[in-house]
Structure formats: structure tokens, C-alpha cells
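The values are calculated or read from the model by the stated rules, or taken from the named source; none is laboratory data. Keep in mind the model is a prediction, meaning the values are calculated, not measured. Neighbour counts are summed over all protein chains in view; Cβ atoms, including those assigned to glycine, are modelled from backbone coordinates with ideal geometry. Remember, those area values only see protein heavy atoms, side chains included, never the ligands or the DNA or RNA. Shrake-Rupley method; radii C 1.70, N 1.55, O 1.52, S 1.80 Å.
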Amino acid sequence: MGLAANSFFFLSVICCAISVTSADDSFFSTILDPQASLSQIASSLGAHEVPLAVHGYVSGKQADEMDAQKLSLSRDEPNRNVVVNGRRLDTPSSACSGVGYQVWGNQTQYFCANVRLSREDYLTNVTDPDMGPFCYTNVTVTPFCYCPIDRTGSLCEAYEPVYCDIRQVAPASNCITQDSTFYHPDLAGDAPCVFVDRTATVNAIFTVQCGFEGSPIEGIKQDITDVSNPANLTVANPTFTYVFKTATLAQSTGGGNIQMDFRIVNFNRLSDAGGVFTVSNIQSTALSGQDNVGFTVNLASLSDDFFTSGRAYWELNLRNFQGLTDQFGGRGFFDLRGYVEPAGAQTGLPLHAVILLSTLIPAVVLCGAGGGAYWYFRKRNRVGVKSSKDD
């Protein structure tokens, strides 16, 4: 029986050898050498890209799955040379969201009772006396995605998070921080800092500083601790094309036309776009703080609905910026110079007097009510005591 099994194995090896079109003399000499060990034969077969598993040659099912995987890739990439063991495609692959390169590596898969587990769960189960005998590993050729700087995820499908810090350059702020007829520092709210005329044209200028929240690099954006040849996953001389790339920020693909809106909000009709002023094609020099972003804001073109109590609220918004998750700054007020509160809204008293009276009057009322209650119950007790003495 053993002789028959060995004969079958060597016949299978010879059939595999004949099917290798790129075979050479050294390959056949190794296969036909009666003194050659199984490891030498396996090594010779591996050199001709016949896939081997960790415990010997792969099963027919495994080979079929790997061939189907390669065939699928070759259909998706008809002009690419897809080769195992780390060679990348000539251009980004559709399997990697169209932006990453597909590379290959020998990944160890972990199983217990024919259920695939994580490496951590496998190490726990393999030492269990009952489960351990049913645990095993398998090495399979697995594709990975090598992503540009601004992409993340196992398929380069997500964007690295980006933040932007926006600071106002002009008009210059000259905040009133002391008590006045329309502002009190003890109350919550934004102090009046920028005063403008109602019909003025304001040049609003800002500096924008954007960057990644972390320090991403080009590479495989998933855990490859179970890959036996991670060195083969490194793509030499990557040819990523970036829309822009700075020391702290990059964009490989995306909107291209990054825009910034300066919007004065009409709180009487929030959908009113009449107060929106837009700057298009924001360049990387502006996003990195080297250049300013400016808006020409014509206040005369806005209706009075955009102003409430002599104030107009504005905010900035970046659009078509892939990965933007946090935006700091970029909001404020325009206060009308010389604004006078309507007579019907005036109290005739200074603001601090109104605050003082609104605090004292309830206190006096509460004290009076408390004193009256005390007097009433004390008098009632005295009447009760006198009545009992008379009895």
C-alpha cells in the first residue's frame, strides 16, 4: 500500500513537471533524482510557481480557488502582469478602489474545527487539550492593497482624516469687552469685534492650515502580522499621482476643485443663499497656510433680513475636500457701526440696572413671603397656647 502511495505521488510530481512550460534541466534532474528529498522537490516546484501549502502540496480545491482568484484579477486587469509573491501591477488596480496597487503575500490562516479564527483566538485554542488536536494553519497566497498617503482601509476605500484650522486676517478685530448699551461681558455671547457700515464692501481674508490628524504614509493599511514574507509586500518606486502633496497633507484623487464658501446667514430664512460668497480652486499653498483666501463681501446687496439687532453672523465652509472631518474657527459677526436699538426695545435703564432689578425683586418677594409665613404660624401657635391655658 505504501509503495502504491509513493508511486502515485511521484507520478503526480512528474505530471506537474511536464505541465510547466518554463521547465529546465535542473528542474527535471531534481524531480527524477532518486536521492532527492521531498523538501528539495517542493523547493523545485515552488520555483516554478506551483503553489504549496504549509503542510505539503495544496489540495485540488485550494488550487482551484487560487486559479479562480488569479483569473478574476486577470479579467479585471487584462493588460496587467499579475504575479504572486509581491510583484505589483503597472497601474493602480480596480480591486484597490482604483487608487492602490495590488501586491501579494503568503498569509497564514488559522483554523480550529474548520472554523477560521484570528491569530489571537487560535493561540488560545491550540493549547486547549480538547480543541488543540483540531487546530491547524494554512498558508495561502493573498492579495493586499498598497495605498497612497491619503487613503486607508484594506481596499484603500476610505480617506485619512484631515483637520483645518482657519484664522481671520482681515478685517482686523477690535473687540469691545466692557459694559455697553448692547453688550455685557458677564453674559454669554460673542463680543462685538468687527464694525462695518451697512452698505460697505468688506474684504474678508483668512489663513487656512490643514493637515492629517495622524502621520499616514504610503503602504498597506491593514494588519499584516500573519504574513510570512512582508518584505515582498513593499512596492519599489511607487508611481502615485497626487493632486497636491505637502509636508502635512496630500490628495491623490477626489474633487480637485476645492471650494470655500463665506456665508452670511439669514436667520429669518435659513435656506436663503443670497449671502453666500464662494472662492473656487483652492490650491495646496492656501491649504497649507502659505497663501491667504479672500472674499469680497458686498453688504449692500443683502436685505435687512440678514441683520438681527445690528449684527450679521457669518461662517466658512470647505467643500469638495476629501477626508475633511474637523474644521476649527471660521465663524464670526459683523456689527453695524452706529447701530441704535429701536425705541420700542429700550427699557430706559442701563443694562446693569435691569440685571440688578431682575435679581433683587424676586429676592425681596421671596423674603417677604417667608417672613409673612413665619409671622402667621407663630401667631397661630400663641393663640393655641392661650386657649389651652384658659381651659
For this session: Would you please name the residue that is most open to solvent (accessible area, probe 1.4 Å), looking only at residues in region 99-117 that are out of contact with any Cys (no Cβ under 9 Å at 6 or more places or on another chain) and closer than 14 Å to VAL139 by Cα?
Result: ARG116
For this session: Scan region 118-129 and report the pairs whose first residue is at pLDDT below 90 and whose second residue is open to solvent by 80 Å² or more (accessible area, probe 1.4 Å), with Cβ atoms within less than 8 Å and a gap of 6+ or a chain change.
Result: ARG119/THR225
Exercise. Filtering region 269-303 down to residues that are of a type outside the set (S, T, N, Q) and in contact with a Leu (Cβ under 8 Å, 6 or more places away or on another chain), which residue is surrounded by the most Cβ atoms within 10 Å (Cβ to Cβ)?
Worked result: LEU287
For this session: Enumerate the pairs (first residue in region 95-115 and of a type in the set (Lys, Arg); second residue anywhere and modelled with pLDDT under 85) with beta-carbon separation below 8 Å, excluding pairs fewer than 6 apart on the same chain, so at least 6 apart or on different chains.
Result: none
Problem set entry | Restricting region 245-268 to residues that are modelled with pLDDT of 85 or more and within 18 Å of CYS156 (Cβ to Cβ), the residue that is surrounded by the fewest Cβ atoms within 10 Å (Cβ to Cβ) | LYS245
Seminar exercise, completed: Considering residues that are touching a Gly at 6+ places or on another chain (Cβ under 8 Å), open to solvent by 40 Å² or more (accessible area, probe 1.4 Å) and either farther than 18 Å from THR325 by Cβ or not in a strand (DSSP E or B) (or both), the number found within region 138-186 is 5
Exercise. What number of residues in region 322-357 are touching a helix residue (DSSP H, G or I) at 6+ places or on another chain (Cβ under 8 Å) and modelled with pLDDT of 75 or more?
Worked result: 1
For this session: For residues that are aliphatic (A, V, I, L, M), open to solvent by 30 Å² or more (accessible area, probe 1.4 Å) and part of a loop (DSSP other than H, G, I, E, B), tally how many sit in region 187-207.
Result: 2
Exercise. Does VAL383 satisfy being modelled with pLDDT under 75, part of a helix (DSSP H, G or I) and open to solvent by 60 Å² or more (accessible area, probe 1.4 Å)?
Worked result: yes
